[in-house]
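Below is one structure, written out as structure tokens, with a few remarks after it.
The values are calculated or read from the model by the stated rules, or taken from the named source; none is laboratory data. Quick caveat: nothing in here was measured; it's all calculated off a predicted structure. Please note: Cβ atoms are built from the backbone with ideal geometry, for glycine as well, and neighbour counts cover all protein chains shown.
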Amino acid sequence: MTTYQGHDAPSVFGAVHLGYLVIETNRFADWRRFGTDAIGMHLDDLDTGLMRFRIDAHECRFLLRRGPAEDVVAIGWHLDDHTTFEQIEARVRAHGVPVAEGTAEEARLRGVERLLRFPGPKGIAQEIYTTPVLSPEPLRMLASGWTTGDSGMGHVAITSTRPTLMRGYFNTVFDARLTDYIDETISGVKLKIRFLRVNERHHSIAIAAVRGLPIDPVRTRVQHLNVQVATLDDLARSYDRVHELGFDMALSVGQHTNDKELSYYARTPSGFEWEVGWNPVVIDETTWQPTTHQGISIWGHTPVGRTIVDKLAQFRLGARSLTHSERTVPGLSGRGVPDD
């Protein structure tokens, strides 16, 4: 038995996997080129206002719908069984947070049999499901393959002015564990990044905050999302395609200090970043101990094409964030989880 938020309950750790993301955008033509011709995923056009990307047998990994947000608006979590599903639903309800069942049409679009939705930090809806729909159609994509399976399909990085509350949220709902920290200074700004895992993947959620300042320097709700290619050749070829097609590259190829993943960051048509990675470490729960790393990269990951004008614009966005409070879910965040 493990303890969460002061109550004894069976842990759901290891039974939770990042399943899909819902992106709202009006830039369909650019996203189509970005997802298929640059990143190399399989595309299914559903109608003029909906399309999906596949990277494995799951019918949907990325659902894009028309709308003004230009952002990730929902995260779908694949749960191992109905027991885990009912346990998480009970947790959310017990903390006084509303839960809504997705419609049959919403489930169909996401490629799942049924789903429940409840509020998440920064206004990103959290959705849970147990049974993904698998597609019999062969994948038509430029990448040779992607690493998903028990680790889920990658991770999401979020900037926050309330990082301990966000950590509290994912601890309460999914029994997320702290993997490690990174301290980094970018353009004179000190950042602390907290990496949370819900299974053997090094992290499914990363939370970045400006040290000592309630500033969120990123316009979008997510700073970046990550997918993991099957081979180093896939990584190199997609990097070349991003350049050749004229999409912005945020960070060049490099290797991270903590999970040792080799990756690069491209800028999506919606403005947040898309990390393509290869070969991160897999956590051994019997031996892993959280540590703090200085700097995000062992080598590489240098900014591409950034100017002082870009940096000033980013700081203006950060200053503007002081005028509004970050949306949290008090019932599930509690008092937060302080840094260890």
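For the stretch 122-145, which residues satisfy the criterion of being out of contact with any Asp or Glu (no Cβ under 6 Å at 6 or more places or on another chain) and under 26 Å from VAL242 (Cα atoms)?
Selection gives PRO138, LEU139, ARG140, MET141, LEU142, GLY145.
Residues are listed down the side, and each one gets a yes or a no for (1) touching an Asp or Glu at 6+ places or on another chain (Cβ under 6 Å); (2) among the aliphatic types (A, V, I, L, M); (3) in contact (Cβ under 8 Å) with a residue 40 or more places away in the chain:
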| site | (1), (2), (3) |
| --- | --- |
| ASP216 | no, no, yes |
| VAL227 | no, yes, yes |
| VAL242 | no, yes, yes |
| GLY246 | no, no, no |
| GLY254 | no, no, yes |
| LYS260 | no, no, no |
| TYR265 | yes, no, yes |
| VAL276 | no, yes, yes |
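Here's the yes/no breakdown for (1) crowded, with 21+ Cβ neighbours inside 10 Å; (2) at pLDDT below 95; (3) in contact with a Pro (Cβ under 9 Å, 6 or more places away or on another chain):
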position	(1), (2), (3)
VAL97	no, no, yes
GLU106	no, no, no
LEU109	no, no, no
SER135	no, no, no
TRP146	yes, no, no
MET166	yes, no, yes
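Can you give me the number of residues within the stretch 107-136 that are assigned to a loop (DSSP other than H, G, I, E, B), in contact (Cβ under 8 Å) with a residue 24 or more places away in the chain and closer than 23 Å to GLN228 by Cα? Walk me through how you get there before you give the answer.
Quick first cut of the stretch 107-136, residues assigned to a loop (DSSP other than H, G, I, E, B) only: 111, 113-115, 119-120, 124, 130-131, 133, 135-136.
In the following step, the residues that additionally are in contact (Cβ under 8 Å) with a residue 24 or more places away in the chain were identified as 111, 115, 119-120, 124, 130, 133, 135.
Filter again for closer than 23 Å to GLN228 by Cα, leaving 111, 124, 130, 133, 135.
Total satisfying the criteria: 5.
The strands (runs of 3 or more DSSP E) found wholly in the stretch 250-340 and carrying at least 1 residues that are at pLDDT 95 or above and of a type in the set (Asp, Glu) occupy 273-278.
For the stretch 10-43, name all the residues that are in a strand (DSSP E or B) and either touching a Leu at 6+ places or on another chain (Cβ under 9 Å) or buried (at least 22 other Cβ atoms within 10 Å of the Cβ) (or both).
First, the residues of the stretch 10-43 that are in a strand (DSSP E or B): 16-25, 42-43.
Listed by number, the residues that qualify are VAL16, HIS17, LEU18, GLY19, TYR20, LEU21, VAL22, ILE23, GLU24, THR25, HIS42.
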